[in-house]
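All of the numbers you see were taken from the coordinates with simple rules; none came from a lab. Model, not experiment: these values are computed from the prediction. No Cβ is skipped: glycine too gets one built from the backbone with ideal geometry, and neighbour counts run over all protein chains shown.
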Amino acid sequence: MLRVENLTSAYGRIQALKGVSLEVRRGEIVCLVGGNGAGKTTLLRAISGVQPVTGGTVRLDDDDITFVPPHERVARGIAQVPEGRQVFGALSIADNLRLGAYLRKDDGIVADMERVYAMFPVLKERRATPGGALSGGQQQMLAIGRALMSRPRLLLLDEPSMGLAPIMVDQIFAAIESLKQDGVTVFLVEQNAAAALAIADRGYVIETGRIAFEGQAADLLADDRVREAYLGL
Ligand code: ATP
């Protein structure tokens with residue numbers, strides 16, 4: 001579904017991506033793990049089209065979308081849950097969700113809001129509450145729900161576990177795993193390698209702008225190099 005080939009990107013003289021290649025197949029959960037500053041956010045933003053690239057290609061279903069603008073990528077079925085959630089603090093939960101559907105013209109929006117509320121019941125209970133009044137975990141739920149409102153085929157998630165208590169991480173990751181049944185393909189970027197690899201089918205490890213290892217998630221979880229560097233074992 002998604003194929004990234006030899007992608008490079010820079011901030012001035014800092015090469016953040018030094019030729020990254022990876023693929024996400026339809027129906028998979030694929031994770032990208034790596035430490036601080038490894039290039040995870042840069043890669044995700046290049047896939048959603050908000051980070052300029054200096055070389056390489058991004059393909060979606062065999063179409064070259066490397067230079068397609070971000071809103072058109074949303075229309076083609078890519079949605080991103082950004083780092084730090086970025087919910088609209090002054091707007092209600094319901095309005096945050098409606099904004100996620102801003103490119104849609106169909107009449108399924110209300111039904112999709114109900115689907116988000118079924119996934120995260122606390123959002124329904126508090127639907128009139130401003131986004132800014134929610135806890136970090138609830139804001140993450142809202143950010144995921146808002147992205148789902150564009151009816152994505154491919155959901156990109158940037159560090160959904162960041163700053164959350166372990167019990168909340170479990171809830172969020174269970175929700176991400178459940179998206180598989182709805183036919184949503186997931187590309188998940190995480191520093192929390194243990195949580196990400198536990199729900200992923202396959203994984204990639206990025207180190208200073210390059211893919212260092214890749215494989216089945218279970219194999220990466222068992223790999224000594226990954227265990228030592230990313231699982232603290
Ligand atoms: P984190 O987990 O801290 O978000 P990351 O793996 O997502 O890390 P990136 O944010 O993609 O890493 O950063 C990759 C590299 O690019 C780092 O060396 C970082 O310092 C640099 N970088 C990121 N954003 C900028 C920026 N706006 N200007 C200059 N350099 C940047």
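Summary of values
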quantity: Zone residues, the stretch 189-205, relative to Ala174, backbone N less than 15 Å from point 7 Å out along Cα-to-Cβ; calculated: 199
quantity: Principal axis dimensions, the stretch 155-233 - Cα atoms, whole angstrom, descending; calculated: 32, 27, 23
quantity: Degrees, to the nearest 10: 136-148 long Cα axis against longest axis of the chain; calculated: 90
quantity: Modelled label reach - Arg153, point 7 Å along Cα→Cβ, the stretch 181-222 residues with backbone N closer than 18 Å; calculated: 181-188
quantity: Largest-first ellipsoid semi-axes for the stretch 72-200, taking √(5λ) over the Cα gyration tensor eigenvalues, angstrom; calculated: 21, 18, 13
quantity: For the stretch 24-65, radius of gyration divided by Kirkwood radius, i.e. Rg to Rh on alpha-carbons; calculated: 0.98
quantity: Distance histogram for the chain (every C-alpha pair counted, 5 angstrom bins, percent rounded to whole numbers); calculated: 1, 7, 15, 18, 20, 17, 12, 7, 3, 0, 0
quantity: Added length on full extension, which subtracts the Cα-Cα distance from 0.36 nm per residue, Arg104 to Asn36; calculated: 20.9 nm
quantity: Relative contact order (%) - criterion: Cα under 8 Å, at least six apart; region: the stretch 75-155; calculated: 54
quantity: Equivalent ellipsoid, the stretch 1-92 (semi-axes from 5 times Cα gyration tensor eigenvalues, Å); calculated: 20, 18, 14
quantity: Angle in degrees between helix 166-178 and the longest Cα principal axis of the chain, rounded to the nearest 10; calculated: 90
quantity: Sparsely packed trypsin sites (Lys or Arg not before Pro) within the stretch 1-77, loop by DSSP, other Cβ within 10 Å at most 12; calculated: Arg13, Arg25, Arg26
quantity: Label zone at Glu114, where the point sits 7 Å out along the Cα-to-Cβ direction: the stretch 141-181 residues whose backbone N lies under 19 Å; calculated: 145-146, 148-151
quantity: Loop-located chymotrypsin sites (Phe, Trp or Tyr not before Pro) in the stretch 1-102 whose Cβ has at most 13 other Cβ within 10 Å (DSSP); calculated: Phe67, Tyr102
quantity: Length-normalised contact order for the chain - Cα pairs under 8 Å, 6+ apart - percent; calculated: 28
